[in-house]
1. For the condition of a type in the set (A, V, I, L, M), modelled with pLDDT of 95 or more and closer than 20 Å to residue 27 by Cα, what is the one hit in 82, 55?
2. Can you tell me which residues in region 80-104 are exposed (fewer than 15 other Cβ atoms within 10 Å of the Cβ), of a type in the set (Ser, Thr, Tyr) and closer than 19 Å to residue 42 by Cβ?
3. Taking residue 65 as the residue in question, decide whether it is closer than 20 Å to residue 123 by Cβ, out of contact with any helix residue (DSSP H, G or I) (no Cβ under 6 Å at 6 or more places or on another chain) and surrounded by fewer than 18 Cβ atoms within 10 Å (Cβ to Cβ).
4. Looking at (1) closer than 22 Å to residue 11 by Cβ; (2) exposed (fewer than 12 other Cβ atoms within 10 Å of the Cβ); (3) aliphatic (A, V, I, L, M), which is the one condition that is false for residue 60?
5. Could you check region 86-118 and list, in sequence order, the residues that are in contact with a helix residue (DSSP H, G or I) (Cβ under 9 Å, 6 or more places away or on another chain), part of a strand (DSSP E or B) and under 26 Å from residue 50 (Cα atoms)?
6. Quick one: what pairs do we get from region 25-52, first residue touching a residue at least 40 places away in the same chain (Cβ under 8 Å) and small (Gly, Ala, Ser), second surrounded by 15 or more Cβ atoms within 10 Å (Cβ to Cβ) and part of a loop (DSSP other than H, G, I, E, B), C-beta under 7 Å, 6+ apart or different chains?
7. Residue by residue through region 96-125, note down the ones that are within 21 Å of residue 35 (Cβ to Cβ) and aliphatic (A, V, I, L, M).
Amino acid sequence: MSSLTKAHVDARDFANKLYQAVDSLNADAVGSFLAQDVRFQLGNFDEISGYKQVVDANAAFFQSIAAMSHTLKDAWSVGDTVICTGAVHYTRNDESTLQIPFSAVLKLKDTLIYDYQVYVDISPL
């Protein structure tokens with residue numbers, strides 16, 4: 001088991017707070033959960049590394065949709081990793097909607113995400 005995290009987090013609470021920030025479509029709020037050396041992978045898109053690059057990528061994605069909200073089904077932790085599953089509800093810019101399942105693996109150090117992997121198929125967006 002890794003000892004990178006100095007303070008353990010409650011998995012459901014952490015995931016809820018993270019996805020509240022994501023659902024606000026505020027990239028800076030999402031950034032408050034990220035380590036400077038974060039690595040981000042969304043579905044089959046190219047991996048993005050570095051705090052600024054990940055925040056900027058989130059900001060660009062947020063511009064492509066009108067709204068989104070996450071509903072958590074499960075959240076748990078294993079060592080310094082938070083894992084969660086659920087559904088994400090998108091509202092497109094044309095006001096049509098889409099709901100798809102997701103899962104995420106969030107590796108933490110000092111309660112910040114340094115490895116952020118989201119498993120979702122957003123191709124219908």
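The values are calculated or read from the model by the stated rules, or taken from the named source; none is laboratory data. Source: prediction; values computed, not measured. Counting neighbours? That spans all protein chains shown, and the Cβs are built from the backbone with ideal geometry, glycine included.
1. Details: 82 fails: closer than 20 Å to residue 27 by Cα.
Of the residues listed, the single one that is of a type in the set (A, V, I, L, M), modelled with pLDDT of 95 or more and closer than 20 Å to residue 27 by Cα is 55.
2. Within region 80-104, 91, 103 meet the criteria.
3. Details: closer than 20 Å to residue 123 by Cβ: yes; out of contact with any helix residue (DSSP H, G or I) (no Cβ under 6 Å at 6 or more places or on another chain): yes; surrounded by fewer than 18 Cβ atoms within 10 Å (Cβ to Cβ): yes.
Here the answer is yes, as residue 65 does meet what is asked.
4. With (1) closer than 22 Å to residue 11 by Cβ; (2) exposed (fewer than 12 other Cβ atoms within 10 Å of the Cβ); (3) aliphatic (A, V, I, L, M) applied to residue 60, the lone miss is (1).
5. Scanning region 86-118 gives 88, 104, 106, 108, 113, 116.
6. 43/120; 43/122
7. 104, 105, 106, 108, 112, 113, 118
Yes/no matrix, rows are residues, columns are (1) out of contact with any strand residue (DSSP E or B) (no Cβ under 7 Å at 6 or more places or on another chain); (2) hydrophobic (A, V, I, L, M, F, W, C); (3) at negative phi:
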{"position": "16", "(1), (2), (3)": "no, no, yes"}
{"position": "31", "(1), (2), (3)": "yes, no, yes"}
{"position": "36", "(1), (2), (3)": "yes, no, yes"}
{"position": "40", "(1), (2), (3)": "no, yes, yes"}
{"position": "48", "(1), (2), (3)": "no, yes, yes"}
{"position": "69", "(1), (2), (3)": "no, no, yes"}
{"position": "76", "(1), (2), (3)": "no, yes, yes"}
